[in-house]
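One structure is given below, encoded as structure tokens.
What follows is calculated from the coordinates using simple rules that are stated; it is not laboratory data. All of these numbers come straight from a predicted model, not from anything done at the bench. So basically every Cβ, Gly included, is an ideal-geometry build from the backbone, and we count neighbours across all protein chains shown.
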Amino acid sequence: MTRTHLHRGVDRLLAEARAGSNRLTPAEARAAQERGALLVDTRTETQRAEQGELPGAIVIDRTVLEWRLDPASGVNIPEAVGYDVEIVVVCRQGYSSGLAAASLRAVGLWRATDMVGGVEAWIADGLPVHQGPADVRR
């Protein structure tokens with residue numbers, strides 16, 4: 001087998017991550033948040049400054065996402081009370097959030113999903129943003 005056969009590419013990786021996931025539109029993500037889902041924003045500080053903050057979202061850096069949301073990690077946020085918590089991961093355009101949601105499902109958070117189109121779609125749909133402060137969890 002050559003290395004070419006081992007090269008999957010990011011598009012294939014993303015397609016596999018999204019397979020079987022019920023991705024939400026911005027309006028569906030907002031509705032999920034209103035019924036108690038955690039809306040988790042993984043955008044960088046710079047992206048949030050440029051685009052605005054999502055009302056009620058919890059900001060968690062992608063580098064610690066799994067630890068903060070896994071209820072058994074010992075360093076989880078208080079809202080991470082079980083593996084059946086509904087989680088909607090949001091990023092700028094809806095790409096990295098798909099990979100993040102798949103990683104959360106692999107940890108056992110089976111209801112984790114992401115939002116189609118990211119915050120760009122949220123804004124395009126006329127949903128609210130504000131300039132802060134953000135609920136940043138380290």
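The stretch between T46 and H130, if pulled fully straight at 0.36 nm per residue, gains 28.8 nm over its current Cα-Cα span. Within the shell defined by Cβ-Cβ distances under 13 Å, the residues around P55 carry a net charge of -2, with Lys and Arg each +1 and Asp and Glu each -1. Take every pair of alpha-carbon atoms less than 8 Å apart whose residues are at least six positions apart; their mean separation over the length of the stretch 23-137 yields a relative contact order of 35 percent.
Ordering W110, L54, G82 by Cα displacement along the dipole of the chain toward the positive end leaves W110 in first place; charges were set at the Cβ atoms of Lys, Arg (+1) and Asp, Glu (-1).
E79 to A31: FRET efficiency via 1/(1 + (r/R0)^6), r the Cβ-Cβ distance, R0 22 Å, to the nearest 0.05? Walk me through the numbers on the way to the answer.
Values: r = 18 Å, r/R0 = 0.83.
About 0.75, to the nearest 0.05.
What 222 nm value per residue comes from the helices of the chain, counting each DSSP H run with n ≥ 4 as -39,500 (n - 2.57) and dividing by all residues, nearest 500 deg cm²/dmol?
Working: 7 runs with 53 residues, N = 138.
Calculated mean residue ellipticity at 222 nm is -10000 deg cm²/dmol.
Stick to Cα atoms and the Kirkwood definition of Rh, then tell me Rg/Rh for the chain. Rounded to two decimals, Rg over Rh is 0.99. The string of couplings for the stretch 59-71 from the Karplus curve (6.51, -1.76, 1.60, θ = phi - 60°) is 9, 10, 4, 4, 5, 10, 3, 4, 5, 6, 9, 7, x Hz, one whole number per residue in order, with x for Gly and Pro.
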